[in-house]
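Computed from the coordinates by the stated procedures, all read-outs in this text should not be read as laboratory data. Predicted model only: the values in this text are computed from it and were never measured. Here Cβ is always computed from backbone atoms with ideal geometry, including for glycine, and neighbour counts include all displayed protein chains.
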Amino acid sequence: MVTQDAGPTARQLASMAEDVCRHLLPKGHREGRYWQVGDVSGAPGRSLYVCLVGPRAGKWTDAATGEHGDLLDLIALNQGLSLRDAIREAQVFLRLPPTSRADEPTQRDTGTPASCRRLFAASQPVRGTLAARYLAGRGIVLVRAELALRFHPHCHRREAHGRVSLPALIAAVTNDNGQLRGLHRTWLAPDGGKALVDGPRRAMGQLAGYAVRLGAAGPVMAAGEGLETTLSLRMAFPRLPAVAALSAPHLSAWTFPAALRRLYVACDADAAGRWALAKLLRRGLDAGLEVLPLHPRLDDFNSDLMAFGLAELRDWIASQLAGRDAAAFLPGE
């Protein structure tokens, strides 16, 4: 009887996945189509992610441990319950009214590509703006225009007390053909740091399989998680096309361009980064691609840039590139 109840209960939970996550894992946050949190206990972090929409709604994976399952499994692990008791707990939850959300527009963050295009079109080039100051504070100076990056001086977001408008760095998430599918926003403080708000970074639109593209796709590319990490790599090797997938789950699921033959993975030095690399290695093998890791000295390449400077970062990355690539992608004179 318990097994018979498990499937229907799990499907009901999946249909309201975000409410379940907000109730069960309140220290997590929504990032695009996923709820991210530290682990099954609900600790802060981003190693565990739960898909909130689509055919895989309710499915979760912990990148640090390799554990995975549905929301019924997550309730059992989170509460330390047997399957029978987890079903009872879930059925109590399913009878509750939907969660009242103070940050309502987080759901609106799943907005259409058309709404993303409107916001991107209303933004301006980064040079000379607060966004350029923010990047400079991370050691990043854009020596050439990165067309995927823009600045919006009054980008809206919802807080518990209502809607506010803050300056933001805007990054376009595009598909292999360059069509805009989503956006990533980093809200900024007047001094050029991140805004002092809960969750200063948020994604909107469609992210799965797509990325922030820095340079045109080609046979040799690099891919990383964070925007600043990937921009740091681009500073060292501005001729090397790169993408920022914005999270370990999205990096692991990034759709390979048709022209790609060799992929360098800028690995974050944590469990999620190692998991994403392992998944890309397996996917690359299946696709007939050469996938090679690029390891930072610290936690990521932006930390390396800040700690050691551009020349040392370039030398460190060059030592991990295939010889022909180190020469081909060095900055021009």
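Worth pointing out:
- Candidate lysines - alpha carbon under 26 Å from residue 194, same-chain residues fewer than 8 apart omitted: 27
- Segment 16-88: relative contact order in percent, alpha carbon pairs under 8 Å with at least 6 residues between: 21
- Unit charges at the beta carbon, dipole of the chain: most positive-side option, 254, 124, 13: 124
- Computed over the chain, relative contact order equals 12 percent, with contacts defined as Cα pairs under 8 Å that lie 6+ residues apart.
- Normalised by residue number, the volume inside the convex hull of the Cα atoms of segment 208-333 is 89 Å³ per residue.
- Highest-first arrangement of 37-50, 286-299, where packing means the average Cβ count within 10 Å: 37-50, 286-299
- Point-to-point label distance, residue 118-residue 147, nm (Cα→Cβ direction, 7 Å offset): 2.4
- A straight Cα-to-Cα reach below 21 Å connects residue 279 with the lysines 59, residues fewer than 8 places away in its own chain not being considered.
- Cα-based Rg of segment 2-100 normalised by 2.2 N^0.38 Å, two decimals: 0.97
- Fewest-first ordering of 73, 176, 304, 198 by other beta carbons within 10 Å of each residue's beta carbon gives 198, 176, 73, 304.
- In segment 175-333, Cα pairs under 8 Å separated by at least six residues give a relative contact order of 20 percent.
- Separation of alpha-carbon centers, segment 281-325 and segment 223-255, rounded to whole Å: 11
- For segment 145-233, fraction of C-alpha pairs farther apart than 23 Å, in %: 26
- For the chain, hydrophobic long helices are taken as DSSP H runs at least 18 Å long by C-alpha position along their axis with mean Kyte-Doolittle hydropathy of -0.5 or more; these are 2-15, 271-287.
- DSSP bridge pairs, the chain: antiparallel proportion in percent, nearest 5: 75
- Charging the Cβ of each Asp and Glu at -1 and of each Lys and Arg at +1, and nothing else, the dipole of segment 176-313 about its Cα centre rounds to 440 debye.
- Residue-averaged 222 nm ellipticity for the chain, from DSSP H runs of 4+ at -39500 (n - 2.57), nearest 500: -10000 deg cm²/dmol
- In plain terms, the residue of 183, 231, 196 with the fewest other Cβ atoms within 10 Å comes first and the most crowded comes last, giving 196, 231, 183.
- Label-point separation, residue 189 to residue 271 (7 Å along Cα→Cβ), nm: 3.0
- Sequence of 59, 27 once ranked by neighbouring C-beta atoms within 10 Å, starting from the fewest: 27, 59
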